[in-house]
Amino acid sequence: MRKKIAYAFTAFLIAAVISPMGLMMHFSPAMAHSGITLSAWTWNPPTIDGTISDDEWRTAAKADFNITTPDGIYNATIYVMNDYENLYLAAKITDDDLGTDISTYDLFRFNFDNDHDGASEKGDDGLFCWSIPGLLYDVFNNETTGWPGDNQDGGTKDGFHAVSGDGIYNYFECFHPLDSADDAHDFSLKIGDTVGFCIFYYDNATYIGSWPSFPHPSNWHDIKIASPNIYQGDLVLSDNDIYTITGKFDINGSIIITENATLILKDALLNFTQTANFQFNITLRSATNGNPHLIADNATITTGGYFIKTSLYENSTAQINQLEATYANMWLELKDISSAEVANSNFLGIILYDSSTLNLTHSTLGAMHIYTTADVNIDNSSFSDIIVISNLNMKVQNSSITRLKIYSSTTQTLINELKPAMVTYWNYLENCSVIIDSGYAPNITLNDTQVDNWSFTFTNSQHIIVYLSELNELRLQGSSMASVYETHIKTVELYGSSRLNATDSKAHEALLSGSSTIWSVNSTAETDAQISDQAAIYVNWYLNVYVQDSLGQYVPDANVTVTCADGTKTASGKTNMYGWVRLTVLSFILNASNVYYQGPHNLTAVHGTHENSTTIDVNENTQATVILSDFIIPEFPSLLSIITVLAAATSLITAKFFKSKNTIERR
């Protein structure tokens, strides 16, 4: 019952909406329109969310118009563009409120002349962009009851619209397929076709006016379905060429800048029509009598969602300001002795090789990879990853880094209390006491920079010590040796013949291959270790041993030994003055094929000729007591002897006291 009422009410509302213009839709046919024609191609469809952003609609054809009423003037702008599949329409109009219910609604309405014959007739398409949701959007002219929804007449609802308002303008965005399957209710358009249109606006549930005013066959406006204007093939610049691109430029190929040529992108939208990653590129190379230049100022590069690379070779240079790679899909690659100045830009990442130079400010990058010697200065920028594998000089200030990954080959490295934090000052070589010897290590300096995750990779490095730190990743390669204490590491990776000694530490996951080993003491991994080849993990726990004599007294200097089930000695030590010793006991060995438990363990305590043993499983930190039942510590007499000694001492003290007292009295 509710559905029937809703449909009836919607039908009534639409009939009311169209009634003010009903008499204007039945003129005799004409074969042309005398209004304006709007036509624009887009490679990047807008997001239909009711927000008309410059980036989304910058390539659209636009027309300003107004609707004059006795109460004032409504100023408006319409935006039109298309791609191979859809027609995209948007409009903004001065209106200080956006209706939110059926009595205050606002409506931006498009009527189309499907066959471009100058007559509004049965089957013509229409789009009703309501300010309230749930009402019919994709409609058609049936000449008898007005403009019902396609889906009310056996058709389909095709397209979508969204609306917003900011108290100054109301904004309308929509799209509609050029050629849907619903031929009975929708227009069918292809590249190069023209369709007539007119616009009506309703404010606060009241018809305001139309554009063009009182449309009739002689002054409909037109939309011509645009075709892509594409530069075919590679654009090659050479000699002293200077090539400037402004506005929208589509290219079905690469751009190659050689010798002393210059490419300038000024207020440009450069679109590569590639259909696969790295199909096209921008390359600066073959410097002769100068150097190739790239200058970008307020430019956007789009690639259909695929990755693209801008590569600078030899002594090429780039000056980039306000460059945005849509979907952050562009890599900037610097090689040889090339250099780049980058500011206020946003793209996927930068890769540096050789002796290249980069100055980067006020930019956002996915990643920066530095593989060889380079000079890098960064200010007020943010990164997902910085990966450094070289002897570079790098300074970062007033920035944020989600993951900082440092690769080095060192003789000694000490990492102490390194955790995610805002770093006031930190230098890798200084703060980590790095000794390079014949290896390599980056000279990284951080000033007032946030680092969320620290990662280190060591290759053939020795004497790596990590204290009280929190790392995202620790990777050992080649023959590296490291020890960690009271440290939490998300991922531990070992390759080659590397070895890690982990004490009182924790990892989320561990990956081992080759002949690498982990010797863990009171340390855990939150997930199962991934072990391959001949790699192995030796798991040890603490065993606290107390040795007592037959009276329960703790025995110092007792020799304690622990052997595995096969008789192999795994730990030994001597009790302290309190009769206690802590031992590190091998619990089990884990390799790629199995787990080899070393228990039950035999625990033996010896003091002189007195000895006793017990059996214990050490599968976690454990405490055990060994009693030497035939032994009493000779240095500590029995309780009766102690009482006798104390009584004698008391008598002696008392006697001396009274003797002293008597002597005083006689005086």
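Computed from the coordinates by the stated procedures, all read-outs in this text should not be read as laboratory data. Keep in mind the model is a prediction, meaning the values are calculated, not measured. Positions of Cβ are backbone-derived with ideal geometry, glycine not excepted, and every protein chain shown enters the neighbour counts.
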**Q.** Expected 222 nm ellipticity per residue - DSSP helices of 4 or more, -39500 (n - 2.57), all of the chain, to 500
**A.** -2500 deg cm²/dmol
Q. So for the chain, taking the charge dipole from beta-carbon charges (+1 Lys/Arg, -1 Asp/Glu), which of ILE518, THR310, THR51 sits furthest toward the positive end?
A. ILE518
Q) For ASN559 and GLN450, what does the FRET efficiency come to when R0 = 56 Å and r is the distance between their Cβ atoms, rounded to the nearest 0.05? A) 0.55
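Given the peptides 552-564, 454-466, arrange them by the average over their residues of other C-beta atoms within 10 Å, most packed first.
Numbers: 552-564: 18.6, 454-466: 21.2.
Result, highest mean first: 454-466, 552-564.
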Q: Give the calculated FRET efficiency between THR246 and ASP375 to the nearest 0.05, with a Förster radius of 51 Å applied to their Cβ-Cβ distance.
A: 0.95
Q | Calculated Cα Rg over 2.2 N^0.38 Å (choose from [x] 1.43; [y] 0.92; [z] 1.57), label | A | [z]
Q: Compute the distance in nm between two label points, each set 7 Å from the Cα along the Cα-to-Cβ direction, one at THR77 and one at ASP166.
A: 1.1
Q: Hey, can you grab everything whose amide H is under 5 Å from the amide H of ASN86? Only 5+ residues off in sequence or another chain; H modelled, so Pro and N-termini drop out.
A: LEU178
Q) Around ILE36, which amide H atoms from residues at least 5 apart in sequence, or from another chain, sit under 5 Å from its own amide H, with H modelled in the peptide plane? A) ASP222
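Looking at segment 230-458, what % of the alpha carbon pairs are farther apart than 28 Å?
Details: 8590 of 26106 pairs.
When every Cα pair of segment 230-458 is considered, 33 percent fall beyond 28 Å.
Please compute the contact order of the chain in relative form: average sequence separation of alpha-carbon pairs under 8 Å and at least six residues apart, divided by the residue count, as a percent.
Computed value for the chain: 6 percent relative contact order.
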**Q.** Label-point gap, in nm, between ASP97 and TYR327 - each point 7 angstrom along Cα→Cβ
**A.** 4.3
Q | Under 19 Å from the Cα of LYS266 - aspartates and glutamates, other chains or at least 8 residues apart | A | ASP54, ASP55, GLU56, ASP241, ASP250, ASP297, GLU324, GLU341
Q. Taking other Cβ within 10 Å of each residue's Cβ, how do LEU89, LEU586 sort, fewest first?
A. LEU586, LEU89
(Q) Nearest 10 degrees is fine. How inclined is helix 2-18 to the longest principal axis of the chain, computing both from alpha carbons? (A) 50
Q: Rounded to the nearest 0.05, what FRET efficiency do LEU551 and THR527 give with R0 = 45 Å and r taken as the Cβ-Cβ distance? Could you check?
A: 0.40
Q) What's the extension gain from GLU611 to LYS569 if we count 0.36 nm per residue and subtract their Cα-Cα distance? A) 13.4 nm
Q) If you line up the long axis of helix 639-666 against the longest principal axis of the chain, both from Cα atoms, how many degrees apart are they, to the nearest 10? A) 70
Q: Could you please report the charge total around ILE48, scoring K, R as +1 and D, E as -1 over all other residues with beta-carbon less than 12 angstrom from its beta-carbon?
A: -3
Q: Among the listed pairs LYS92/LYS157; LYS157/LYS224; LYS405/LYS490; LYS190/LYS224; LYS395/LYS419; LYS395/LYS490, give every one whose C-alpha distance is greater than 18 Å.
A: LYS92/LYS157; LYS157/LYS224; LYS395/LYS419; LYS395/LYS490
Q: Lys and Arg at +1, Asp and Glu at -1: add these up for the other residues within a Cβ distance under 13 Å of ASN359 and post the number.
A: -2
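Can you give the extra length, in nm with one decimal, that the chain gains between SER227 and ILE632 once fully stretched, where that is 0.36 nm per residue apart less the Cα-Cα distance?
Numbers: separation 405, 0.36 × 405 = 145.80 nm, distance 10.33 nm.
Length difference between fully extended and current span is 135.5 nm.
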**Q.** Residue-count net charge about ALA510 - beta-carbon cut-off 14 Å; Lys, Arg +1, Asp, Glu -1
**A.** -1
Q | Integer Hz, Karplus 6.51/-1.76/1.60 couplings in order for segment 193-201, x for Gly and Pro | A | 6, 10, 10, x, 8, 9, 10, 10, 10
(Q) When only alpha-carbon atoms are used, what values of Rg and Dmax, in angstrom, describe segment 539-628? (A) 13.4, 49
